[in-house]
Every structure is written in structure tokens, then in C-alpha cells.
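One structure coming up, written as C-alpha cells, with questions to follow.
FYI, it's all coordinate maths here, none of it is from the lab. Note that this is a predicted model, so its numbers are computed, not measured. Neighbour counts are summed over all protein chains in view; Cβ atoms, including those assigned to glycine, are modelled from backbone coordinates with ideal geometry.
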Amino acid sequence: MCGIAGLWAPTIAPDDAARIVAGMTCAIAHRGPDADGIWTDAERGIALGHRRLSVLDLSAEGAQPMTSRDGRYVVVFNGEIYNFAAIRDRLAALGETFRGHSDTEVMLAALSRWGLDATVRELAGMFAIALWDRERATLHLVRDRLGEKPLYYGVMGGVLLFGSELKALRSHPAFRGTIDRLALTLYLRYNYVPAPRSIYEGIHKVEPGTICTIARGGAVMTTRYWDLADVVRQGAATPFAGGDEAALDEIEQVLRTCIGQQMVADVPLGAFLSGGIDSSTVVALMQAQSTRRVRTFTIGFGESGYDEATHARAVARHLGTDHTELYVTADEALRVIPRLPAIYDEPFADSSQIPTFLVAQLARGHVTVALSGDGGDEMFGGYNRYVVGARLWRHLARVPVPVRSLTARGIRTVSPARWGRVFDSIDGWLPPRLRVAQAGDRMHKLAGVLAATGEAEFYRSMASQWQQPDEVVLGGGEPTATGSGAPDSLGFVERMMFTDARTYLPDDVMTKVDRAAMAVSLETRAPFLDHRVVEAAWRLPLGMKVRDGQGKWALRQILYRHVPQQLLERPKMGFGVPLDSWLRGPLRDWASALLDGARIEREGFFRRAAVETAWREHLSGRHNRQHQLWGILIFQQWLEAQQAA
């Protein structure tokens, strides 16, 4: 795993280019602490920079920037190609020779022989690639299919800049960070900035599954080499034949193959383990293929409703892993908050960023690479909205909107804490699949979606923090909705899964994991996001994902082959922190300073009245505004850090 950065400025002096790109890569040294390199083309004004976290081929033969044997291509590359050994064998059979055993060298050899489009379609892995074609004087920026690895680009002062993180671009002297208020509005809705936007005007994210080709003059042509919509259509055209068991066998074999390839590393390797379905499946299939005890890592919290460590411990004990757990105090978790602007680089307000950083930090004390269960929910139907949300909408659609709006107001008159006590009182009478973790928060979330007039609006309401963010952001607005790109044949549940995979997965989940892990120089790998797993998952009928009122049916059946069902039966929990009580307690002074009305008005990004009302309602305990306030607070903290830089 690595960090990349570079520039293209046709009139720049070579020494200046090298010096500036060295500064850009220095800003992301945490992504690659083991080595660094710079390559420049004096005639063309191109400079590529790389920071290396050595995972495969630890020798100098794996160093970047790397030039192809024929001299045509120069590449800097962040990620891992899991099937590089198979590609290498194919190339060797065609007469290619290799000086080392890195995936980068194999990729360059494939590029020289097959070209860019054909090569990226062959790669199984996670990657952000900057490829300079010396023959055509063209730069290609490439991002992996599901958006595991980040890549930003934009033109500032006539200079094309690109890099793994925004801090690399900000290091360039020409950078001007004007905040994009449309992006800010979208951020308040989702608590992340959706691609292709960034928080800055003129700076974009390369979208997953695409190639951005830039020729002299700066014109950008974007092509999509992999499209989830095509995968969905192909899956519908070629569904699994045979019964459930045959399909489960095939899915397990695909997972075994991909997990086995992702276990290849020349450095210590382990896995995150929460004790939930996704991470337990990954660890079970790792242990089944390993001759040694797999290293697993979990953090726990003392707060009821937020601790999964006991469940992880039980799964680890059954599988026989070498398990490490750390119980984190509230003070230790709170100490992460001042680091968030530097870690996440643009406003990012998924509060599970805190435990994610802590478990990455724990793992990095023992290993350099960790596998995770991310992506299991999106590919196999795990989120509650796929089960409860779809069922709820079927009933709500029959009820007039005014009646639903009145019901929502009634729900909000009861505080989340009181709703929690109501559900606690009946919890023992409910079967495990009907129990609800953090029930009070979920009831208030329900109130926010009751007035939706259609499926698309219902889904967007479920995914939104502020329902009307353009009324909070001064000068804000949102782009006109253009649809999710989902095939028309999909029903409501699969349409939600498709949209989550296209948006929430890369822009929230993988952003959270990538930045948290790379902040401590830990490489993470997500087997569920191998495109071969994704393509297999979309060949399954919905009934093998959501069945009997429960999500991830297929994954559960595979996991039950390795772990007893009773170790896994419990309500689905988020990987979260007790943010609502922290904001009323240990974080209250910090939050009050950032949400001060005069400060909000002076800075000029948010409507003072909207922020003050939300803060007052949260402090009263009658309404849980934790996620809405967290988005504002993270932006305020990030803005303060930018102004101080």
C-alpha cells in the first residue's frame, strides 16, 4: 500500500517539479513510510511521486516510480493486484521476463503487451494508478472497480495536480482551496462528500471503475471500464443454476479463492474481527486456508449497546485464532477527535471513524496488512433497510402522507432514551432477529422517512442526516437528481443495494477505512469487494440474500459451516460510539465552542438559527440530533484546521 502524487505543468523547470512533488509526497508519508521516489520528464513537465509501504517484493526491484521494460510507460501505483501471479505466468508463457516479483512490474509488462483498457480489465485488486504514456504524452488516472483506493485530481493555476489525498494537492504552491457549497450541501445530507466532487471547487475524485485520460492542454476524457449496472444485467442473464446448496458451494469457493489471494504478503498479516457475519466469514475462510493461527483484532467499549468484543472473542476462540482485543475507554476514544481533520483531509462525519481508527491502530502494532469484512452488507443484503425498510415502505405506501406526517410528529415527542427503555422492556419477549439495537435512534430515524412520497425519496430519506440541507447551508443547493443508474429491472431492495454499492460504499465505508488505516500505515484488504465476489453475488436471487426477515442469508449459511449459529445470533449493531451522550457530556464544551452562534454567523457557511435549534434540541434530550450535529461539528473542526494551516 502506498501514496501517490504528481503534477503536469509544461513550463515548469525539472528541479522545481521534483522539489514540489517531493513536498506533495511528504504530506502523505504516512501512506508509505518505507521509501519514496520521484520521476520527472524535463521536456514534458510531468512529475510523478510515490511513497512506499512495502508489502510485496520488499527489495529495490519493487520500488516506484517504475518504468516499463520498453520505456513507454512510467507508473506510480497505490494498491495490490491479487491475481498478479497468474498474470505473470501468462506473460511468461508469451516470452516476458521479470527482474523482481512485484505486482507493479507485472502490471507494466501487461500494459506494454495488452494496452491499458485490456490490462485493467484483467486486474483483480484495489488500485489507484497514475500512468504516464511517454509515446503519446498522455496521463491516465485509474481507480479500482469498487473505489477502495482514493485518487483526487484538478487544475490549479494552470497546473494539473493529482494525489491519493487532498493534503498532497494542498501542498502545491498554486493550490487555492475555495469551498464548494454544493459539495457542502451534499456533505450535510450524507455526512460525506459524494464523488466526483470534493469539498473544494475544481478538485475532483476519480470515480470507481473509471479511467481519466488527460492529454496536453488539460482536456479530461473519462471512460468506464467496469460498470456495476452491467454486472447486474449479466447476473440476471446467467443466474446460478441448481439449488441453494450448489449456489452456496460456488459462493464459498469464490470467497476462498479471493481470500487466499489476499492473504499473500511478505509482511505480517491479520484481520479485523467484530464477531459479526462479515468479518467472521472472512476470518473463518482465512483460518481454513492457513497452517498458522490467524491474527485477529477487536476493540471493545464499556457502554452497553456498543460493545462487540465479547462476541468476537467467542468466534475467535471457536476458530482458534491468535486473538488480540483492547477495551477502549471513553477518554481514549475522545482523544482521537482532534486528529480527525488531519486523518480525513476533507469533512467526513461517519462517527464510526473513531473505533475504525482505534482498531487499525491496535492491529498496526502487530501486523502490516489486515483483511476486513467491509462490503458484505452491500453485496449480500445486510443492512436493516433492506429488510425492515422495504417491509415498512410496503405498508407506508398505503397510508396517506398527512397521516404519516402526523405519526412522525408523535414519534418525535418521545425522546430516544425513552424509546430505548420501551424496547428494552420487551426485548426478552422477542426472538433475536426482531430485537433492535439502539432502538431510540432508529425510531427517530423512522420519523424522518414517514413523509416520503415514493421509493426513491424514501431511500434518500433513510440515507440522509439533514432532510433539507440546502436550508442549512448559506448559498447551498443540490444537483438535480439524475437517478442511480440502476437497471430498470431491479426491485426496490436490489435498487437500494445497487445505490449503496455505487455511493455509500466507496464514499463513506471505504473512505473511512482507507484513511483510518493509512494514518497508521496499515494496509487493509476487503475480500467482499473483489470484483469476482461482486459478480458472483449479483448472480444470486434476492431470496438468497434476504430471507425469512433476515439479511445476508447466503453468507450466514456459509459461515454456519464453520461457526455454530448460536455464536452469531444477535441484533445487527453498527460499529459506533455513544455520540449522543458524549455530546451532552464530555464533548459538550468542545461542541458549544464550535457551534457558537456568533461564530457560525461570522464564518458564513451555515444558517445560525438552524444550527442553534438543533443543538438546543439535542441538549434537552428530547431529540437525538447526534448525526446532524456531528456533520456540522466535523466541518467546523476541519475549517478551523484549514485556517490555522
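For the stretch 116-127, in order, what is each residue's ³J(HN,Hα) by Karplus, 6.51 cos²θ - 1.76 cosθ + 1.60 with θ = phi - 60°, in whole Hz (x at glycine and Pro)?
So the J values, rounded to whole Hz, are 5, 4, 5, 5, 5, 5, 7, 6, 10, x, 10, 6.
Hey, can you rank 269-279, 212-222, 379-389 by average C-beta count inside 10 Å, highest first?
269-279, 379-389, 212-222
Also, I was wondering about something else. Just order 2-12, 197-207, 592-602, 63-73 by mean Cβ neighbour count inside 10 Å, highest at the front, would you?
2-12, 197-207, 63-73, 592-602
Select from the stretch 50-141 those GluC sites (Glu not before Pro) which occupy a DSSP coil region and have at most 13 other Cβ atoms within 10 Å, ordered by residue number.
The qualifying sites are E135.
Counting Lys and Arg as +1 and Asp and Glu as -1, what is the net charge of the other residues whose Cβ lies under 12 Å from the Cβ of G477?
-2
Karplus couplings for the stretch 42-55 from phi (6.51 cos²θ - 1.76 cosθ + 1.60, θ = phi - 60°), rounded to Hz, Gly and Pro as x?
4, 6, 9, x, 9, 9, 10, x, 9, 10, 10, 9, 6, 10
Report the charge-dipole magnitude of the chain in Debye, nearest 20, computed about the Cα centre from +1 at each Lys and Arg Cβ and -1 at each Asp and Glu Cβ.
Computed charge dipole of the chain: roughly 1320 debye.
Next up: Each residue of the stretch 533-539 in order: what ³J(HN,Hα) in whole Hz does its phi give by Karplus 6.51 cos²θ - 1.76 cosθ + 1.60, θ = phi - 60°, with x for Gly and Pro?
For the stretch 533-539, the Karplus curve yields 5, 4, 5, 5, 4, 7, 8 Hz.
Further, regarding this structure: Starting from the Cα-Cα distance between D244 and C26, subtract it from 0.36 nm times their residue separation and give me the gain in nm to one decimal.
Gain on extension, D244 to C26, equals 73.3 nm.
In addition: Quote the charge dipole size of the stretch 578-645 about the Cα centre in Debye, to the nearest 20; the model charges only the Cβ of Lys and Arg (+1) and of Asp and Glu (-1).
That gives the stretch 578-645 a dipole magnitude of about 180 debye.
Still on this structure: Rounded to the nearest 500, what is the 222 nm mean residue ellipticity of the chain from helices alone, with -39500 (n - 2.57) per DSSP H run of 4+ residues and division by all residues?
Computed ellipticity for the chain at 222 nm equals -12000 deg cm²/dmol.
Any idea which of T453, W8, V264 is furthest toward the positive side of the dipole for the chain, if Lys and Arg beta-carbons carry +1 and Asp and Glu beta-carbons -1?
T453
Let me ask you something else. Tell me which trypsin sites (Lys or Arg not before Pro) from the stretch 259-353 have a DSSP coil assignment and no more than 11 other beta carbons within 10 Å of their own.
R292
Hey, could you grab the Kirkwood Rh for the stretch 2-226? Inverse mean 1/r over distinct alpha carbon pairs, Å, one decimal.
17.6 Å is the Kirkwood radius here.
Tell me which residues come under 5 Å, amide H to amide H, from A370 once H is placed; ignore anything under 5 positions away on its chain.
G270, E523, T524, R525
Next up: Under 5 Å between amide hydrogens, which residues at least 5 positions from V220 or on another chain qualify, with H placed 1.01 Å from N in the peptide plane?
For V220, whose amide H was placed from the backbone, there are no distant partners under 5 Å.
For R547, list long-range residues whose amide hydrogen, built 1.01 Å from N in the peptide plane, is under 5 Å from its own amide hydrogen.
W553
I'd like the distance between the alpha-carbon centres of the stretch 329-352 and the stretch 147-187, rounded to an integer number of Å.
21
Taking Cα pairs under 8 Å and at least six residues apart, what relative contact order does the stretch 578-645 come out at, in percent?
About 31 percent, as a whole number.
A further question follows. Just to confirm the filter: which chymotrypsin sites (Phe, Trp or Tyr not before Pro) across the stretch 520-556 are DSSP coil and have at most 10 other Cβ within 10 angstrom of their Cβ?
none
From Cα pairs below 8 angstrom and at least 6 apart in sequence, can you work out the relative contact order of the chain, rounded to a whole percent?
That works out to 16 percent.
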